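Q: Please read through the structure below; I'll follow up with questions.
The values are calculated or read from the model by the stated rules, or taken from the named source; none is laboratory data. Because the structure is predicted, anything quoted here is derived from the model rather than measured. Glycine gets a Cβ as well: all are built from the backbone with ideal geometry, and neighbour counts include every protein chain shown.
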Amino acid sequence: MKLSHEWIDTNELPDQVTWGTHAVGSKWNPGKFDSVISKVSDETEYDVIWFSPHKCSLFIPYPGGVDVILDSPASVEALSKRYSDWVAPF
């Protein structure tokens, strides 16, 4: 499965902004997307989101960290415990 779409945001006049989206089905494997995550960290790639339809979760990297949106409080608690050294204080 591969989906792409591009559009121009004319609400940003006088500087029109071109936005693009791209989606592709893929299996997550450790290390498979490290280069993409590094580009996000280096600010050479932007607005990257991974979505798991099976786990109903999102993984959203940005320079300096990641946001993870999970399907339940139990999933949040389990991930928070597993990566307790990485979790930002509330």
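Q: Pairs please, first residue from segment 21-43 and closer than 13 Å to Phe59 by Cβ, second anywhere and surrounded by 13 or more Cβ atoms within 10 Å (Cβ to Cβ) and aromatic (Phe, Trp, Tyr), Cβ atoms under 6 Å, 6+ apart in sequence or on different chains.
A: So the pair list comes out empty.
Q: If you don't mind, there's one more thing I want to ask. So which residues in segment 26-49 are on the phi > 0 side of the Ramachandran plot and hydrophobic (A, V, I, L, M, F, W, C), if there are any at all? Talk me through it step by step, then tell me what you get.
A: Quick first cut of segment 26-49, residues on the phi > 0 side of the Ramachandran plot only: 31, 43, 47.
Of everything in segment 26-49, nothing turns out to be on the phi > 0 side of the Ramachandran plot and hydrophobic (A, V, I, L, M, F, W, C).
Q: Let me ask something else. Please go through segment 50-68 and pick out each residue that is out of contact with any Asp or Glu (no Cβ under 9 Å at 6 or more places or on another chain), over 18 Å from Trp86 (Cα atoms) and in a loop (DSSP other than H, G, I, E, B).
A: Correct list: Pro53, His54.
Q: Sticking with this structure for a sec: Among (1) of a type in the set (Val, Ile, Thr); (2) part of a loop (DSSP other than H, G, I, E, B); (3) closer than 19 Å to Ala88 by Cβ, which single condition is Thr44 missing?
A: Going through the list (1) of a type in the set (Val, Ile, Thr); (2) part of a loop (DSSP other than H, G, I, E, B); (3) closer than 19 Å to Ala88 by Cβ, Thr44 breaks only (3).
Q: Which one of these is farther than 24 Å from Leu79 by Cα and either surrounded by 12 or more Cβ atoms within 10 Å (Cβ to Cβ) or modelled with pLDDT of 85 or more (or both): Lys55, Lys39, Lys27, Lys32?
A: Lys39
Q: How many of the residues in segment 58-78 are modelled with pLDDT under 90 and among the aromatic types (Phe, Trp, Tyr)?
A: So the count comes out to 0.
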